[in-house]
1. Output the number of residues of segment 108-140 satisfying the condition of being assigned to a helix (DSSP H, G or I) and either touching a Gly at 6+ places or on another chain (Cβ under 6 Å) or farther than 16 Å from LEU76 by Cβ (or both).
2. Write out, first by first residue and then by second, each pair whose Cβ atoms fall under 6 Å of each other, whose residues are 6+ apart or on separate chains, and whose first residue, in segment 39-65, is under 18 Å from PHE28 (Cα atoms) while the second is at pLDDT 95 or above and not charged (D, E, K, R).
3. Quickly run through segment 100-132 and pick out the residues that are open to solvent by 70 Å² or more (accessible area, probe 1.4 Å) and aromatic (Phe, Trp, Tyr).
4. Could you pull out the residue among VAL96, VAL65 that is of a type in the set (A, V, I, L, M, F, W, C), at pLDDT 95 or above and open to solvent by less than 40 Å² (accessible area, probe 1.4 Å)?
5. Mind counting the residues in segment 14-31 that are open to solvent by 30 Å² or more (accessible area, probe 1.4 Å) and either within 18 Å of ASN111 (Cβ to Cβ) or without any contact (Cβ under 8 Å) to a residue 12 or more places away in the chain (or both)?
6. With the condition being out of contact with any Leu (no Cβ under 8 Å at 6 or more places or on another chain) and of a type in the set (S, T, N, Q), I'd like the helices (runs of 4 or more DSSP H) fully within segment 1-95 carrying at least 3 qualifying residues.
Amino acid sequence: MIKLKPYSSSILAFGGFILVVMGIYFVFMRPSVLPEDFKYMKTNMLIVNSTIPNLPLWLEKVFWVMGGFIISSGLLIIFIAFSSFRARTSGAFSIVAISGISSIGFMAVVNFILDSNFKWLLFAFTFPWIISLIFYRLHK
């Protein structure tokens, strides 16, 4: 094994910080419907307002809840990074890998499926997770 300082926990904490910032965006700044959403749904705001007028208001609340969960996930990842991941607690690697795949990894994949304008940014956000897991394995 290659001898490295345990940067894996700091890099993972940075991944958690990205999630916290993303969650704040979803709670406070994300519009309920983006232009790319209309493109994917093959509709426009006029049709949505005439057929489902409360959809944007409902989606706003959905994104508040989603943002809250993203914030809490990020905070938990930061805590795990500086506690059990740094201490190399049994199971920490697996939990971090699964949580990365099921959170930011899955979000990135879905954004590629949707052909989102944010797909490459979200893909880039997966790198702290991947790098931290590689460094974790390389550190002895």
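The values are calculated or read from the model by the stated rules, or taken from the named source; none is laboratory data. This structure is a prediction, so every number in the text was calculated from the model and none was measured. Glycine also receives a Cβ, built like all others from the backbone with ideal geometry; neighbour counts cover every protein chain displayed. The protein model used for the area step is the full one, side chains on, heavy atoms only, and it has no ligands, DNA or RNA in it. Shrake-Rupley method; radii C 1.70, N 1.55, O 1.52, S 1.80 Å.
1. Adding up the residues that qualify gives 23.
2. PHE63/PHE26; TRP64/VAL27
3. PHE106, PHE112, PHE118, TRP120, PHE123, PHE127
4. VAL96
5. 5
6. Those helices (runs of 4 or more DSSP H) span 45-51.
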